[in-house]
Amino acid sequence: MSTSLTDLDKLRDEDIEKLLALEVELYSSAKQKWFEDNADLDEQTDFKNKRVELSTKIAALDTIRIKKIANKFAANQEELSDGIKKLSATIKELKNAIETLNQIGTLIGTITRILV
């Protein structure tokens with residue numbers, strides 16, 4: 001069974017979320033206090049180094065994820081720009097149609113006041 005790129009992206013994102021949860025736990029005051037009370041200086045230094053290493057790796061994975069999204073935007077930039085332009089034109093047409101209907105409503109109101 002092969003794994004699609006979308007599935008791999010989902011697994012990567014799930015792993016990043018797990019690493020972020022671990023990072024939060026390792027930086028917690030309770031974990032810090034435990035190491036201060038129970039570890040010698042070398043173990044404390046090793047613990048701090050490993051936390052920094054974990055944070056660095058998470059940042060690298062997030063950077064890869066952001067670059068991948070940026071590449072997708074770049075690859076679809078022309079289509080995205082065209083869609084935005086068409087949407088803007090549609091909104092202008094809709095606004096003009098609403099203004100026209102409002103003017104018709106005002107005119108009908110005026111005629112009604114005259115006739116009634």
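The values are calculated or read from the model by the stated rules, or taken from the named source; none is laboratory data. None of the values given here were measured: they were computed from a predicted structure. Positions of Cβ are backbone-derived with ideal geometry, glycine not excepted, and every protein chain shown enters the neighbour counts. Quick note on the areas: whole protein, heavy atoms, side chains included, nothing else; ligands and nucleic acids left out. Shrake-Rupley method; radii C 1.70, N 1.55, O 1.52, S 1.80 Å.
Wrap a convex hull around the Cα atoms of region 7-115, take a quarter of its surface area, and give that in square nanometres.
With the hull built on Cα positions only, its mean projection is 14.0 nm².
Among the listed pairs Lys10/Lys48; Lys48/Lys68; Lys10/Lys85; Lys18/Lys48; Lys31/Lys57, which have their C-alpha atoms separated by more than 22 angstrom in this model?
Pairs exceeding the cut-off: Lys10/Lys48; Lys48/Lys68; Lys10/Lys85.
Accessible area per residue of the chain at 1.4 Å probe, in Å²?
Dividing the accessible area of the chain by its residue count gives 84 Å².
Just to verify a number: what accessible area does Lys33 come out at with the full protein assembly present, 1.4 Å probe, Å² rounded to tens?
Roughly 110 Å² of Lys33 is accessible to a 1.4 Å probe.
May I ask for the distance between the Cα centers of region 54-116 and region 1-37, given as a whole number of Å?
The distance from the Cα centre of region 54-116 to that of region 1-37 comes to 37 Å.
To the nearest 20 Debye, how big is the dipole of the chain about its Cα centre, given +1 on the beta carbon of each Lys and Arg and -1 on that of each Asp and Glu?
The calculated dipole for the chain is roughly 920 debye.
Could you tell me the accessible area of Ile66 in Å² (1.4 Å probe, neighbours in place), rounded to the nearest ten?
110 Å²
Which aspartates and glutamates have a Cα less than 18 Å from the Cα of Lys92, not counting those fewer than 8 places away in the same chain?
The qualifying aspartates and glutamates are Asp82.
Which angle between 0 and 90 degrees, to the nearest 10, do you get for helix 77-115 versus the longest principal axis of the chain when only C-alpha atoms count?
40 degrees
Could you tell me the calculated FRET efficiency between Glu17 and Lys50, based on Cβ-Cβ distance and R0 = 30 angstrom, to the nearest 0.05?
Between Glu17 and Lys50 the formula returns 0.95.
Which is farthest toward the positive dipole end of the chain among Ile66, Leu87, Ile104, measuring Cα position about the Cα centre, with Cβ charges +1 (Lys, Arg) and -1 (Asp, Glu)?
Selected residue: Ile104.
Under a 1.4 angstrom probe, counting protein chains only, how are Leu87, Leu22 ranked by accessible area, largest first?
Result of the area sort, largest leading: Leu87, Leu22.
Check cross-link reach from Lys50 to the aspartates and glutamates: straight Cα distance under 20 Å, and skip same-chain residues fewer than eight apart.
Result set, ordered by chain and number: Asp15, Glu17, Glu23, Glu25, Glu36, Asp37, Asp40, Asp42, Asp62.
Test of understanding: what is the full-extension gain from Glu36 to Ile111, defined as 0.36 nm times their sequence separation minus their Cα-Cα distance?
Gain on stretching Glu36 to Ile111: 18.5 nm.
Could you tell me what percent of the accessible area of the chain is made up of carbon and sulfur, with a 1.4 Å probe and every protein chain present?
On the chain, the fraction of accessible area on carbon and sulfur atoms equals 62 percent.
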